[in-house]
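Only one structure is covered here, and it is reproduced in the block below.
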Amino acid sequence: MKTLLRIDSSARVEGSRSRHLGDALEARWRANTPGGVVVRRDLAVDPVPHIDATTIAGFFTPADQITDAMRAATSLSDRLIGEVEAADALLITAPMYNFGLPSALKAWIDHVVRIRRTVAYDGVTFRGLVTGKAAYVALAYGAGSYEPGGALAPFDYAKPYIAHVLGFIGFRDIEVVGVEGTNDEEGAAAAALDAALKAIESLPSLAA
């Protein structure tokens, strides 16, 4: 039985364009994966706390030297990483807030990107340890245009960052779908959303 881990991060639980795209990506994955199971983690409804000094110390302390306090501080990281490791595919939905990702999603990333668990380092190079899985990312932008060559393209720190983070921990098959102009007038916003949904339908990796 295959599993999709879905991570939602928009503060808007209702009316979110990134969640809407995520629903379409999830539906395509389900159609292509009969009997597949979706595991959900909603970072707006159930926020992940930011890491603190004890958490960081636990990340870098050898297992035979870790204290009870460090073990407690890293237990959530263990659980979040376990969800990623157990899944066959990952789906992340996010809006752009102030040119980057929501802090709720960044907090999740800080727990999941972890030395000796999702990343190996030999003193010279890093190697991602989360391999053999597909990743799908649904992004929503309030204004346009952030596409390559667009006026706002230099200010897009969301798409390149999330793609880099996923690649850093080992994902190689990463599909990113975005919708721009969600704050435009209703007709233009609806047309942009429709185009993004059509792009999802044509993703070769999710062909039914």
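The values are calculated or read from the model by the stated rules, or taken from the named source; none is laboratory data. It should be emphasised that the depicted structure is a prediction, and the values quoted were computed from it without experimental measurement. Every residue, glycine as well, gets a Cβ built from its backbone with ideal geometry; the counts of neighbours run over all protein chains shown. Each accessible area value is taken on the protein alone, full model and side chains, heavy atoms only, with ligands, DNA and RNA left out. Shrake-Rupley method; radii C 1.70, N 1.55, O 1.52, S 1.80 Å.
Are any residues in segment 174-204 polar (S, T, N, Q) and open to solvent by 50 Å² or more (accessible area, probe 1.4 Å), and if so, which ones?
Passing the criteria: Asn183, Ser202.
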Does segment 174-188 contain any residue that is farther than 22 Å from Ser205 by Cβ, modelled with pLDDT under 95, of a type in the set (Val, Ile, Thr) and not in a helix (DSSP H, G or I)? yes
Exactly one of (1) in contact with a Leu (Cβ under 7 Å, 6 or more places away or on another chain); (2) within 20 Å of Arg19 (Cα to Cα) is unmet by His111. Its number? (2)
Val39 under 21 Å from Val113 (Cα atoms) and not in a helix (DSSP H, G or I): yes
Would you kindly identify the strands (runs of 3 or more DSSP E) lying entirely within segment 106-173 that contain at least 1 residues that are surrounded by 13 or more Cβ atoms within 10 Å (Cβ to Cβ) and aliphatic (A, V, I, L, M)? 119-121, 134-140
Scanning segment 86-105 for residues that are within 30 Å of Leu193 (Cα to Cα), among the small types (Gly, Ala, Ser) and not in a strand (DSSP E or B), which turns out least open to solvent (accessible area, probe 1.4 Å)? Ala87
Output the residues belonging to segment 130-163 that are under 16 Å from Leu90 (Cα atoms) and free of Cβ contacts under 8 Å to residues at least 12 places away in the same chain. Gly132
Please identify the pairs in which a residue from segment 58-83 that is open to solvent by 30 Å² or more (accessible area, probe 1.4 Å) has its Cβ atom under 7 Å from the Cβ atom of a residue that is among the polar types (S, T, N, Q) and assigned to a loop (DSSP other than H, G, I, E, B), counting only partners at least 6 apart or on another chain. Met70/Thr61
Anything in segment 162-179 that is over 9 Å from Gly128 (Cβ atoms) and of a type in the set (A, V, I, L, M, F, W, C)? List them, or say none. Ile162, Ala163, Val165, Ile174, Val176, Val177, Val179
Just to verify a result, which residue in segment 1-47, among those that are free of Cβ contacts under 8 Å to residues at least 12 places away in the same chain and closer than 23 Å to Gly100 by Cα, is most open to solvent (accessible area, probe 1.4 Å)? Glu14
